[in-house]
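The block underneath contains the structure these notes are about, expressed in structure tokens.
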Amino acid sequence: MLKLLKNWMVKSKSTNNLDIKGGPIPHHIAIIMDGNGRWAKKRALPRSAGHHEGMKVVKKVTKLASQLGVGVLTVYAFSTENWKRPKDEVNYLMKLPEEFLNTFLPELIEENVQVRIMGDKSQLPEHTLKAVEKAVIETQHNTGLILNFALNYGSRYEILQAVENIIKDYKNNEIDGNINEELFSNYLMTQDLKDPDLLIRTSGEMRLSNFMLWQLAYSEFWFADVLWPDFNEDHLIEAIAEYQKRGRRFGGI
Ligand code: FPP
């Protein structure tokens with residue numbers, strides 16, 4: 001990893017000299033990618049231009065995260081509330097996963113990345129679902145970083161689904177009445193994934209917007225003023241450097 005980092009520092013125009021070599025790399029990073037619209041507005045461009053630029057950033061960040069040894073990167077690509085946006089914008093956002101995968105999947109496969117999706121798949125347009133599921137199948141045996149797309153994802157919906165399924169399984173005598181955290185976690189869409197160690201939200205907003213409410217209980221939060229399309233490798237390194245300074249006690253002392 002030391003060599004990789006050195007190479008990255010040399011290749012990038014990085015001006016930040018943050019040293020993250022000695023500290024722990026977060027296993028799971030979750031990102032609320034916010035600010036695409038404002039980025040576009042500042043340039044008098046349509047909102048779609050901001051989303052498109054944001055898509056390219058996902059690829060850059062995935063690559064560096066993978067090289068740093070991050071295990072899971074969960075990105076909030078579309079929330080259950082995003083359907084309220086104008087139809088054109090929703091249609092555009094639903095096309096982006098296809099474009100992302102058509103453009104970048106070969107490179108992600110070279111990086112040994114495994115693609116996953118979490119969210120209410122039943123509401124997704126067929127073309128979106130088809131493209132993502134194809135990538136999920138094609139990468140299912142990859143053993144590197146898991147790139148987990150939260151697509152039509154909402155944490156309250158996820159929790160309600162979990163409760164419904166627990167009740168169903170209880171009634172069918174598949175589980176007993178001992179509902180503990182481990183059991184509950186297994187009914188969530190993250191199932192086998194560990195909880196995020198680090199949450200990043202861009203654009204200066206400081207809220208969770210219905211994202212991974214259960215899973216983020218003990219995560220470290222890092223909010224940046226940068227708009228998502230301007231987020232780059234330096235910001236990721238900065239977030240990890242900040243994470244390494246935090247004392248995680250998980251409620252202990
Ligand atoms: C929030 O910014 C962003 C979204 C709702 C969409 C996020 C999608 C991407 C970054 C594209 C990546 C997608 C894939 C499939 C790789 P906003 O539009 O709310 O920005 P604003 O608050 O400035 O208006």
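With a cut-off of 16 Å on the backbone N, the residues of region 191-212 near the modelled label site 7 Å out from Glu182 along Cα-Cβ are 191-195. Here each label is just a point 7 Å from Cα along the line to Cβ, and for Ser122 and Glu205 those points are 2.7 nm apart. Net charge in the neighbourhood of Ile32 (other residues with Cβ under 13 Å of its Cβ; Lys, Arg +1, Asp, Glu -1) is -1. The calculated FRET efficiency for the pair Trp214 and Lys42, based on their C-beta separation and a Förster distance of 35 Å, comes to about 0.50.
Between Ile253 and Ala241, full extension at 0.36 nm per residue minus the direct alpha carbon distance yields a gain of 2.1 nm. If the segment from Val136 to Glu107 were pulled out straight at 0.36 nm per residue, it would be longer than the present Cα-Cα gap by 9.0 nm. Here nothing in the chain passes the span test, since no DSSP H helix has an alpha carbon length of 30 Å or more along the helix axis and a Kyte-Doolittle mean of 0.5 or above. The fewest-to-most ranking of Ile253, Ile240, Ile166 by surrounding Cβ atoms within 10 Å reads Ile253, Ile166, Ile240. A helix-only calculation puts the chain at -14500 deg cm²/dmol for mean residue ellipticity at 222 nm, using -39500 (n - 2.57) for each DSSP H run of at least four residues, averaged over all residues.
Computed over all pairs of different Cα atoms, the Kirkwood value for the hydrodynamic radius of the chain is 19.2 Å.
Where a number appears in this text, it was derived from the coordinates with a stated rule and is not lab data. Keep in mind the model is a prediction, meaning the values are calculated, not measured. Note: ideal-geometry Cβ built from the backbone for every residue, glycine included; neighbour counts use all protein chains shown.
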